[in-house]
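Read the structure below first, then the notes.
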Amino acid sequence: MKVAKRTFDAVIVGAGGAGLRAALQLSEAGMKTAVLTKVFPTRSHTVAAQGGVAASLGNSTEDNWHWHMYDTVKGSDWLGDQDAIEFMVKKANEVVVELEHYGMPFDRTDNGKIYQRPFGGHSQNYGQTPVSRSCAAADRTGHAMLHALYQRNVRANTQFFVEWMAMDLIRNADGDVLGVTAMEMETGEVSIFHAKATIFATGGAGRIYYSSTNAFINTGDGVGMAARAGIPLEDMEFWQFHPTGVAGAGVLITEGVRGEGGILRNSSGERFMERYAPNLKDLASRDVVSRAMTTEINEGRGCGSAKDHVLLDITHLSPETINKRLPGIREISIQFAGIDPIKAPIPVVPTCHYQMGGIPTNYKGQVVVPKDGNSNVPIVGFYAAGECACASVHGANRLGTNSLLDLLVFGKAAGETVVSDFQSGQLKLQPLPEDAADVSLARIARLESQTGGEDVHEVRLEMQRVMQKHAGVFRFADVLKEGVTKIMEVAERAKRTQIKDKSRVWNTARTEALELDNLIEVAKATMVSAEARKESRGAHVRDDAIDCAETPNGRDDVNWLKHTLWYSQGNRLDYKPVNLQPMSADVEPIALAKRTY
Amino acid sequence: MTINRGRVRWQCRRALLELDLVFARFLERHFDHLSDDQLADLDDLLIVEDHDLWAMINGSQPVADDRWKEMVDLLRAG
């Protein structure tokens, strides 16, 4: 079969915040840049980000990057790489001010500076007092950011391929990356995008869980593509669970509800957070609240007929307060829980929210893999940024407002690295292998010819149930072990998916089958990595990890202060050291300590 | 001009989970029964930004164009 070929200096997969920021760097440097995206750029999931973007501008309270670095390392439970974290927090002011110049409508102080508000986990003076570090545009920060970046890209002549589904990475015999194959949804045709540089900015894979705050597009396409192409995935056992997703639906109820006085209650109406976090109570950090809720449910104090959720109570607040201070929450609760929160409490559960792991990169956005005894050797021609990448700045737990910062800083960094390699002549258009599109064509052909196969929706649902039950916030050795067996069974079923509609044009069933191929890679990586890690750290708790002086909060630095690398080929694990050394001499390493708030 | 149903179906994939859930229900119950005129109205509505679309569906903002009202009602009712 003849496959059309398009040639660019660079191809970027994904048009959310990271992809658009990287594209801008390239297009403004005059590189011929293609951006492939499943949906229109301003409908990327970055739109959902409300909280803001962290930067130590110090406009509202005194602040500096040293404090931001400390908070981020501590938040990561010391699994974050300190060189990448130093790089990110130092670049924060620059990327935020840049965005301001692109026309981003940040909220302002009375004297015209960017207004900053406090957010959980961010502090002054190394954990002493809360700091106002988050720069926001009302409750539409992500939306405003995407629009500003998109307009700027249009001006810079970035070429968008909208409603194209990237399928597979193209590598040569040396392992260098030469581009991707992609399917145009309008025609169903597969094309080759041949490029000197390929940047993945495809976002996370939050849809591997049954209960997820993520939009349906978050199917981990880049992560799955990388895994199938032989690139290991880093720290995939680390997922952030937001404490308050609406039970059954997943829709996020913002932390602001508890900030305004919302109280979590168990089946007997008890305000149980008083037992787990006597000082901060319902306002403790995301992982602490999620763990407490899961404990209540596991110990039989959950609510509802299945005792599978707890209640978020704001009935003591006046209707005026709810309508004025918490707009949107009432509508969400009525629509998705069938409950008016003025009259009755909202059923909530810890819900998958953010993927801390991903495609391993360094702080320059280069994808790095172990080779010849070196843990971090860049792959020629391959870069990644945003939620699909693991730099690693979030380590075992991400701080709110650090995700928008991550995608701006590392989107730009990946772009700068590509531009510099391009201008120095280091990046070359290498000859395509004869079989460059064969893997993708075979995947399409299998879907066309599969008989007696599995239903895509059923397999996806089973994957989501297995992940939810076996790899949630609270983890048990035997449950994880069983989870590995089960997810491998689901993966076998995913190899035999069948679609009824075989049409080529706008066949969403086929697109969903291709997405499932990506999701299942992420699900396997998560389960296998989680089963192996015999400690509690950051976002998850192992039941068998003991809290004592040697292993504070069950965190075992002697044996587990290391990054996981999972390979799809052979379903095997490897590990690499955490970089505890900052990038420069400007700062001392943040020494290991017990994480308490 | 004939509107491709497959394209419209795909464009019901949105940036916000709130909308995905509403559209999932809509696709299951109503989409296949839409007339060509209704499909054209839906196609037009899908151009609206996600936060505004959600606000119209949950009733916190008025429906900005009379032409969208029938589709918004269907989305809202489930």
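Every number here is computed from the coordinates shown, using simple stated rules; none is lab data. Since this is a predicted model, take the numbers as computed values, not measurements. Heads up, the Cβs are rebuilt from the backbone with ideal geometry, glycines too, and the neighbour counts pull from every protein chain shown.
Simple spin-label estimate for residue A:320 and residue A:488 gives 6.3 nm between the two label positions (7 Å along the Cα-to-Cβ direction from each Cα). Cross-link check: pairs A:74/A:562; A:524/A:576; A:469/A:500; A:371/A:594; A:502/B:69 evaluated at a Cα-Cα cut-off of 26 Å; pairs beyond the cut-off: A:469/A:500; A:371/A:594; A:502/B:69. Within the straight-line cut-off of under 19 Å between alpha carbons, the aspartates and glutamates reachable from residue A:196 are A:9, A:28, A:168, A:174, A:176, A:416, A:421, A:434, A:435, sequence neighbours fewer than 8 places apart in one chain being disregarded.
From the Kirkwood radius over Cα pairs of the range A:519-559, Stokes-Einstein at 10 °C and 1.306 mPa s returns a whole-number translational diffusion coefficient of 145 µm²/s.
In a solvent-free Debye calculation with one equal scatterer on each Cα, what is log10 I(q)/I(0) for the range A:261-371 at q = 0.09, 0.18 Å⁻¹, listed in the order of the q values? Here the Debye-derived log intensity ratios amount to -0.34, -0.92.
Principal axis extents of the C-alpha atoms in chain B (largest first, rounded to whole Å): 33, 25, 20. For the pair the range A:212-249 / the range A:325-339, the C-alpha centres are spaced 26 Å from each other.
The fraction of all Cα pairs in the protein assembly as shown landing in successive 10 Å bins from 0 to the largest distance is 3, 16, 28, 29, 18, 6, 1, 0, given as whole percents.
One decimal place: the segment residue A:306-residue A:439 gains 43.4 nm when fully extended, by the rule 0.36 nm per residue minus the C-alpha distance. Where both bridge residues fall in the protein assembly as shown, DSSP classifies roughly 65% of the beta bridges as antiparallel. Short-range pairs are left out: with C-alpha atoms under 8 Å and at least six residues apart, the relative contact order of the range A:68-162 is 25 percent.
Highest mean first, the peptides A:262-275, B:56-69 sorted by other C-beta atoms within 10 Å per residue fall in the order A:262-275, B:56-69. Radius of gyration over Kirkwood radius for the range A:43-122, both on Cα atoms: the Rg/Rh ratio is 0.98. With coordinates expressed along the principal axes, the C-alpha atoms belonging to the range A:511-597 extend over 47, 36, 26 Å, beginning with the largest. With bins 10 Å wide starting at 0, give me the P(r) of the range A:141-212 over every alpha carbon pair, in whole percents. Percent of pairs per bin, in order: 15, 33, 38, 13, 0. From its DSSP helices (H runs of at least four residues, each -39,500 (n - 2.57)), the protein assembly as shown gives a residue-normalised ellipticity at 222 nm of -11000 deg cm²/dmol. Each Lys and Arg Cβ is given +1 and each Asp and Glu Cβ -1; about its Cα centre, the range A:60-159 then shows a dipole of about 360 debye. Dipole size of chain B about its Cα centre, with +1 on Lys/Arg Cβ and -1 on Asp/Glu Cβ: approximately 300 debye, rounded to the nearest 20.
With N residues in the range A:71-206, what two-decimal value do you get for its Cα radius of gyration over 2.2 N^0.38 Å?
1.40
Looking at the range A:237-301, the pairs of alpha carbons with a distance over 18 Å make up 33% of the total. Placing R0 at 51 angstrom, the Cβ-Cβ distance between residue A:574 and residue A:449 gives a FRET efficiency of 0.90 after rounding to 0.05.
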